[in-house]
Amino acid sequence: MAKIDGLNDRQFSGRFVAIDGDTLALGASRYRLIGIDAPELRQDCGAGDGIWACGQAAKNFVREVLETGEIDCTGSSKDRYSRFLVRCSVNGMDLGSLIVSEGLAVTTEYFLYAKEEEQAKQEKLGLWSGAFENPKDWRRAQKAAETDAPRAGPLTVLRHVFGW
């Protein structure tokens, strides 16, 4: 359900599901949490024997939180992927704050969740428990790797198929 408040922000409520650690869905619509950046689903963190699926862990945490109560989101704009940019609360608690407090996302707007991030760092929670690549840097590296990967052209495919 969506309503508009006095600030021209749209308010969304309902049964949201976690797409990843910073993106939610309500029906066919997607919602991106403002002020945080969680690891991508395929992203791992740590090093050596301490490697863990931090992207999947962030999604699982958000999924569990969403199952605990009523979700209300507010926002007025969309990003380049047509996702609503929102701040959400679950049982009156800020969802972005909860995610950053667990160390499962970094803050992208220093003033918004700086205290939560600093506390997670001090307690070595989640991402801060070891080595990790900032999600935006990880995405950039993945995109570069995809761009650098050789692609099979039509002649290569024909050679493979026909054994030329």
| Förster radius 22 Å - calculated FRET efficiency between ARG30 and GLN142, Cβ distance, rounded to 0.05 | 0.65
| query | If the chain between ALA53 and ASP9 were fully stretched, how many nm would it gain, using 0.36 nm times the residue separation less the Cα-Cα distance? | reply | 12.3 nm
| Per-residue HN-Hα couplings for segment 111-126, Karplus 6.51 cos²θ - 1.76 cosθ + 1.60 at θ = phi - 60°, whole Hz, x for Gly and Pro? | 6, 6, 10, 4, 5, 5, 5, 4, 5, 5, 4, 4, 8, 6, 8, x
| task | Please report, in Å, the Rg and the Dmax of segment 1-151, where both are computed over Cα atoms only. | result | 15.9, 53
| query | Which whole-Hz couplings ³J(HN,Hα) result when phi for each residue of segment 45-52 is put into the Karplus expression 6.51 cos²θ - 1.76 cosθ + 1.60, θ = phi - 60°, listed in order with x for Gly and Pro? | reply | 10, x, 8, x, 6, x, 6, 9
| field | Within the accessible area of segment 24-96 (1.4 Å probe), percent carbon and sulfur | value | 47
| note | Taking a crude spin-label model, label points 7 Å out from Cα along the C-beta direction, the ASN134 to GLU70 distance in nm is 3.8
| query | P(r) for segment 58-114: what percent of alpha-carbon pairs falls in each 5 Å bin, starting at zero? | reply | 4, 18, 24, 26, 21, 6, 0
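The values are calculated or read from the model by the stated rules, or taken from the named source; none is laboratory data. All of these numbers come straight from a predicted model, not from anything done at the bench. FYI the Cβ positions are ideal-geometry reconstructions off the backbone, even for glycines, and counts take in every protein chain you see. Quick note on the areas: whole protein, heavy atoms, side chains included, nothing else; ligands and nucleic acids left out. Shrake-Rupley method; radii C 1.70, N 1.55, O 1.52, S 1.80 Å.
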